[in-house]
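Right, one structure below, let's go through it.
The values are calculated or read from the model by the stated rules, or taken from the named source; none is laboratory data. Nothing here was measured: the structure is a model prediction, and the numbers come from that model. Note that each Cβ is placed from the backbone with ideal geometry, even for glycine, and that neighbours are counted across all protein chains shown. Note: accessible area is taken over every heavy atom of the protein model, side chains too, but ligands, DNA and RNA are not part of it. Shrake-Rupley method; radii C 1.70, N 1.55, O 1.52, S 1.80 Å.
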Amino acid sequence: MSLLTNITQAQINANKTDLDGKVLTRPALLVTDGVALIYAVDVDIGAKGEVLKNVPLARANHDLLYAEPGNACRLRRTADGRFEVVGFSKEMPGRYDRFSVDLGTFAIGPTVAFGVDARPLTYAELATLPGGYGSAPYGATGIFQGGALIEVKV
């Protein structure tokens, strides 16, 4: 790709106003506007494993308080250039797998998973966390990238 192509693509990405994403964490009171606390979530937007942290939920949209990890959501850019979750979506960024195929023998090579997933941790996964069993509460959410645990959200 040429430098002009890269600059043009960056400009297009910077001007997007609406995005589809996938909620990775439960809503928590994490963001403030100087007056009140606002619920926020982490959102996967599907751009090479890029995760937006502490994205606020739109005010007066009480349906979004029921957002759970794995739900598809719609993000909209605000006047100050940040994104906020404005509703649920019918589309979300997916995860994809890559594997090699030998065309001579039709042998399939090892599978490499891409994308970010979120789900509650199992008892076995809770037991393998640093600090042992009980270091994270039941219902803790694990953030996985390519099948590997990268973060635990309580």
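In square angstrom, what is the accessible area per residue of the chain with a 1.4 angstrom probe?
Dividing the accessible area of the chain by its residue count gives 65 Å².
Considering the chain as a Gaussian network with a 10 Å cut-off on Cα pairs, which listed residue, K90, K22, K53, attains the greatest mean-square fluctuation?
Sorting by GNM fluctuation, first place goes to K90.
Hey, what do the phi angles of the stretch 114-130 turn into as Karplus ³J(HN,Hα) couplings, whole Hz, using 6.51/-1.76/1.60 and θ = phi - 60°, x for Gly and Pro?
Result, rounded to whole Hz: 10, x, 10, 10, 9, 7, x, 6, 7, 4, 5, 5, 4, 6, 8, 5, x.
Given a 1.4 Å probe and the protein chains all in place, what does the accessible area of L103 round to, in Å² to the nearest 10?
130 Å²
What's the tally of Lys pairs in the chain whose alpha-carbon atoms lie under 19 angstrom apart, where the two lysines are 8 or more places apart or on different chains?
Lysine pairs meeting the criterion: 8.
Suppose the chain between R77 and Y138 were pulled fully straight at 0.36 nm per residue; how much longer would it get relative to their current alpha carbon spacing?
Full-extension gain reported as 18.5 nm.
Which whole-Hz ³J(HN,Hα) couplings does the stretch 27-38 yield from phi under the Karplus relation 6.51 cos²θ - 1.76 cosθ + 1.60, θ = phi - 60°, glycine and proline marked x?
Calculated HN-Hα couplings, in order: x, 9, 6, 10, 10, 10, 9, x, 10, 9, 7, 10 Hz.
Can you pull out the GluC sites (Glu not before Pro) in the stretch 57-154 whose DSSP state is coil and whose Cβ has at most 15 other Cβ atoms within 10 Å?
Of the GluC sites (Glu not before Pro), the ones in loops of the stretch 57-154 whose Cβ has at most 15 other Cβ atoms within 10 Å are E91.
Give the relative contact order (percent, whole number) for the stretch 21-104; include only Cα pairs under 8 Å separated by 6+ residues.
29 percent
Can you give the percent of C-alpha pairs in the chain whose distance is more than 19 Å?
So the pairs more than 19 Å apart make up 62 percent of the total in the chain.
Taking the chain as a Gaussian network, where each spring joins two C-alpha atoms under 10 Å apart, which residue of D80, D44, D20 fluctuates the most?
Looking only at D80, D44, D20, the largest GNM fluctuation is found for D80.
Counting only protein heavy atoms and using a 1.4 Å probe, what share of the accessible area of the stretch 61-138 belongs to carbon plus sulfur, as a whole percent?
The computed percentage sits at 57.
For the stretch 21-110, which chymotrypsin sites (Phe, Trp or Tyr not before Pro) are both in a DSSP coil and crowded by at most 12 other Cβ atoms within 10 Å?
F106
Keeping every protein chain in place, order V35, V51, V116 by accessible area at 1.4 Å, biggest value first, i.e. largest first.
Putting V35, V51, V116 in descending order of accessible area: V35, V51, V116.
Can you list the residues, at least 5 places off or on another chain, whose amide H is less than 5 Å from the amide H of L30, using H built in the peptide plane?
I38, A40
Explain nothing, just compute: Karplus ³J(HN,Hα) = 6.51 cos²θ - 1.76 cosθ + 1.60, θ = phi - 60°, for every residue of the stretch 67-76 in order, whole Hz, x for Gly and Pro.
These are the phi-based 3J(HN,Hα) values: 5, 10, x, x, 6, 7, 9, 10, 10, 10 Hz.
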